[in-house]
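One structure is given here, and the rest of the page talks about it.
The values are calculated or read from the model by the stated rules, or taken from the named source; none is laboratory data. Treat the numbers as computed from the prediction; the structure is a model and nothing was measured. With ideal geometry, Cβ positions are generated from the backbone for all residues, glycine too; neighbour counts draw on all protein chains shown.
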Amino acid sequence: MKIDRLIGILSILLQKDMTTAPELAGYFEVSRRTINRDIEALCKAGIPIQTSQGAGGGISIMNGYRMDRTLLTSRDMQMILAGLRSLDSVSGNRYYGQLMEKIQAGSSEFVNGRDSILIDLSSWHRDTLAPKIGLIQDAIELGKNIRFDYYSPGGQTKREIEPYFLIFKWSSWYVYGFCLMRKDFRLFKLNRMIGIVHGESFERRAEIPWPELSNEKIFSAVGRVKAVFDPSMKWQLVEEYGVRSFEEQSDGTLLFEHEYADEDGLISWMLSFRDKVTVIEPESVKDKLYQIACDMIEKYKRTDYKKSSH
C-alpha cells in the first residue's frame with residue numbers, strides 16, 4: 001500500500017544521511033519511477049527532501065530538518081514493531097512481516113536493544129482465525145457484504161452484514177457492521193462465525209456510529225452476587241477481578257461481592273470452582289445451582305451409566 005511505503009521511505013530518510021532511488025526501489029520492490037512519485041508526494045506533504053546528481057549524490061532530508069531524528073526514538077520504533085508483530089500473529093499472509101522488514105531496512109542502526117514486548121493476538125484459534133480476518137479485511141476494503149452462519153445462546157442463524165471494523169476486545173476478535181436482518185449496527189464474535197463468504201457490493205453508509213465498547217454498555221449489570229470462596233481460590237479471584245474484589249474473613253475464607261451481567265454466565269463461572277464456593281445471594285442463582293447439582297447427581301448415579309462406564 002502506498003501509505004505504508006511512504007512511511008517506510010520517510011523512516012529510512014530520517015535515519016540515513018543519504019540514500020538513492022535504486023536503493024529505495026530495491027527495498028520496496030517497486031520501480032524507480034514509483035519511488036520518484038513517492039518522493040514528490042512527501043515533498044508536497046511538507047517534508048524538505050533534496051536530491052543531488054552525480055557521484056556521491058542521492059536523496060536526503062535537508063540538514064536544517066535534522067532535529068527530525070527525534071521524530072521517532074528507538075523506543076518509538078520498538079513500539080511500532082511490537083504492534084506490527086502482534087498483527088502478524090493473526091495474519092494469514094506475509095504482509096505485516098514484510099512491512100516490518102521494510103521499516104527495519106532503514107532503521108537497523110536506530111532500533112537498539114532486544115524486543116521487550118511480544119503480543120500474540122491469535123489465542124487458541126490461529127488456524128481458523130487468520131482466514132476469517134483476511135476475508136473480513138478484504139470485504140471491508142472492497143466494500144462487500146459478508147454472509148455467515150452465526151452461533152449464539154439463542155441458536156444458529158444465517159446473517160449478512162456490511163462490515164466496517166475489525167475489533168480486538170475482551171481477549172477476542174469481533175467484526176462490527178450493519179446487520180441486514182436486524183436492520184441495525186451489531187458486534188459479531190469471529191469464533192462464532194462459520195462459513196464466511198463475500199456477498200454483494202454495498203455503498204458505505206453516510207453515518208456510521210462509532211462502536212460502543214465500554215464494559216458498562218456491553219455488559220450492563222443485571223444483579224449482584226455475594227459468595228464465599230475457599231482460600232485456595234484466592235489466585236483466581238485476583239487474576240479475574242483483582243485483589244480488591246474480596247474481603248478475607250477471620251477463618252481465612254474470601255467474601256466476594258460483584259455485579260454480574262449474565263446469570264447463566266455467572267452460574268457457569270461458579271460451577272468451575274466445584275465445591276470451593278458457596279453462593280449466599282441472590283436466591284435465584286442458589287436455586288439454579290442446587291437444581292443443576294441434583295440433576296448431575298441423578299445423571300451420574302444411574303445404573304445404565306455405571307454399566308456403560310465399565
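Worth a mention:
- Hey, L10 part of a helix (DSSP H, G or I) and modelled with pLDDT of 85 or more or not: no
- Strands (runs of 3 or more DSSP E) enclosed by region 129-223 - at least 1 residues per element that are assigned by TED's automatic domain parsing to the domain that holds E257 and buried (at least 16 other Cβ atoms within 10 Å of the Cβ): none
- Search result, residues across region 185-216 that are over 19 Å from the mean Cα position of the chain (by Cα) and under 30 Å from L255 (Cβ atoms): E216
- Residues satisfying the stated conditions in region 20-46, i.e. crowded, with 17+ Cβ neighbours inside 10 Å and in contact with a strand residue (DSSP E or B) (Cβ under 7 Å, 6 or more places away or on another chain): A21, I39, L42
- Restricting region 224-244 to residues that are farther than 17 Å from L289 by Cα and of a type in the set (G, A, S), the residue that is surrounded by the most Cβ atoms within 10 Å (Cβ to Cβ): S232
- For region 245-304, taking the residues that are part of a helix (DSSP H, G or I) and in contact with a Gly (Cβ under 9 Å, 6 or more places away or on another chain), the one that is surrounded by the fewest Cβ atoms within 10 Å (Cβ to Cβ) is identified as S284.
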